[in-house]
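Quick notes on the structure that follows.
Values in this text are rule-based calculations from the coordinates and carry no lab data. Predicted, not measured: the structure shown is a model, and the values here were computed from it. Because the Cβ atoms are built from the backbone with ideal geometry, glycine has one as well, and the counts that use them run over all protein chains shown.
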Amino acid sequence: MTVRKIIHVDMDAFYASVEQRDDPQLWGKPVVVAWRGSRSVVCAASYEARRFGVRSAMPASRAEHLCPNAVFLPPDFPRYRAASREVREIFKRHTDLIEPLSLDEAYLDVSENKTGLPTATLVARTIREQIRNELKLTASAGVAPNKFLAKIASDWRKPDGLFVIQPEEIDSFLLPLPVGRLPGVGKVTDEKLKSFEIRTVADLRTMDLSTLEGRFGRYGVRLYELARGVDKSEVIPDRPTRSVSAEDTFEQDVPLTEVEPMIRLLAEKTWNAARKELRIARTVVLKLKTSDFKILTRSHTPGSPPSCCEELTSIALSLRDRVTLNPKQRFRLVGVGLSNFHDPQDAAAQPTLFE
């Protein structure tokens, strides 16, 4: 059986790094990419800002409290997309099997590479050097026999690092890891595993397939495979994004009149996530789940794609007004999404409704 050679490349603090590259006065300073305001969240933070505890998706007000001297800059997504395209061109010199995850990260299958380099490690090292020398940016990379291990590896020596997991090293690397490092294991699953005295991947490996499937359903099969370093998913080039969304459950069920603050927060999260895409979304979706678990959705496709977070928020709030139910109805969950993605040139060519 042929062992695959997968690289996961993750640009370091991408948006903030582009800002620092393009303005030398920002070098060495804590940079936070975010709109100012009580409802805004951080899109990216330089490593100088991260030393103060600033992180992506954190409320901007919290970031300002943690790092009062930070330089706050509004996001410039057209510039970040342009830099991302330049990074992608470097990838293409080495392989056509590229699966972008966002503007700042991608999987590459270099089981065979275009440049004739003898090892995947050398390919990864060359890519990082080309990004540094040509684009004046840094990237971290992980090399492994499959996608999930490569992604964990790319985070191992960030920033500006390279980490390699050879096939014979999988068990020694994987078994001591906390189960929370496995893809798909969030807080809820992590706590559930801990209730079964499962804290590390080695602990997880002691559970048989039928037990895991009984306790976690289909995801139990995935857990069984991940605990053994198995990931059969292939690198799929140019997989189109169908939708981007964010949702949250209220601590207590609320009436429709009280969902606005959550809609505003989720619209900002969705907007920030969608800006990582090279393509542009045209349709706004609002999702609501009632206290009796009935799901309601409303959507709207404006004449031109939402151009800013405020416009997305406004459309999402207008969709709420299209929900007509008994005033006593309560809601347990709300979500805001963007779908119907198109290439930027296609979206720009779409006529508006009122020209």
Original post:
So, in nm, how far is label ASN69 from label ALA82 when the simple model puts each one 7 Å beyond its Cα toward the Cβ?
Top reply: 3.2 nm
Original post:
For the pair LEU101 and CYS308, how long in nm is the line joining their label points, each one 7 Å along Cα→Cβ?
Top reply: 3.2 nm
Subject >> the chain: calculated mean residue ellipticity at 222 nm from DSSP helix runs of at least 4, using -39500 (n - 2.57) >> reply: -10500 deg cm²/dmol
Subject >> For ARG332, ARG51, order by how many other beta-carbon atoms lie within 10 Å, fewest first >> reply: ARG51, ARG332
Original post:
Applying 1/(1 + (r/R0)^6) with R0 = 22 Å to the Cβ-Cβ distance of ARG242 and ARG55, what FRET efficiency is obtained, to the nearest 0.05?
Top reply: 0.20
Original post:
Considering only Cα-Cα distances, which of the following residue pairs are longer than 30 Å: LYS29/LYS276; LYS187/LYS328; LYS192/LYS294; LYS114/LYS276?
Top reply: LYS187/LYS328
Original post:
How many times 2.2 N^0.38 Å is the alpha carbon radius of gyration of region 175-226?
Top reply: 0.96
Original post:
In whole Å, what three semi-axes, largest first, describe the equivalent ellipsoid of region 1-57 built from its Cα gyration tensor (square root of 5 times each eigenvalue)?
Top reply: 29, 16, 10
Subject >> region 1-144 - percent relative contact order, Cα under 8 Å, separation 6 or more >> reply: 31 percent
Original post:
Counting only complete DSSP H runs, which helices of the chain cover 15 Å or more along their long axis at the Cα atoms and score a mean Kyte-Doolittle of -0.5 or above?
Top reply: 120-135, 260-274, 309-320
Subject >> Tensor-based shape of region 208-309 (alpha-carbon gyration tensor, a/c under 1.5 rounded, otherwise prolate or oblate) >> reply: oblate
**OP:** For region 47-104, build the convex hull from the C-alpha positions and give me its volume per residue in Å³.
**Re:** 109 Å³
**OP:** Any lysines with Cα under 23 Å of the LYS194 Cα? List them, leaving off those in the same chain fewer than 8 positions away.
**Re:** none
Subject >> Coordinate range along principal axes, alpha carbons of the chain, Å, largest first >> reply: 64, 54, 42
Original post:
Once Rh is set to the Kirkwood radius over Cα pairs, what Stokes-Einstein translational diffusion coefficient, in µm²/s, holds for region 144-205 at a temperature of 25 °C and a viscosity of 0.890 mPa s?
Top reply: 198 µm²/s
Subject >> Modelled label reach - ARG93, point 7 Å along Cα→Cβ, region 103-128 residues with backbone N closer than 19 Å >> reply: 105-128
Subject >> Percentage relative contact order, the chain, counting C-alpha pairs under 8 Å, at least six apart >> reply: 15 percent
Original post:
Contour minus end-to-end for GLU191 and VAL323, with contour as 0.36 nm per residue of separation and end-to-end as the Cα-Cα distance?
Top reply: 43.9 nm
**OP:** With all distinct Cα pairs included, what does the Kirkwood hydrodynamic radius of region 89-188 come out to in Å, to one decimal, could you say?
**Re:** 14.4 Å
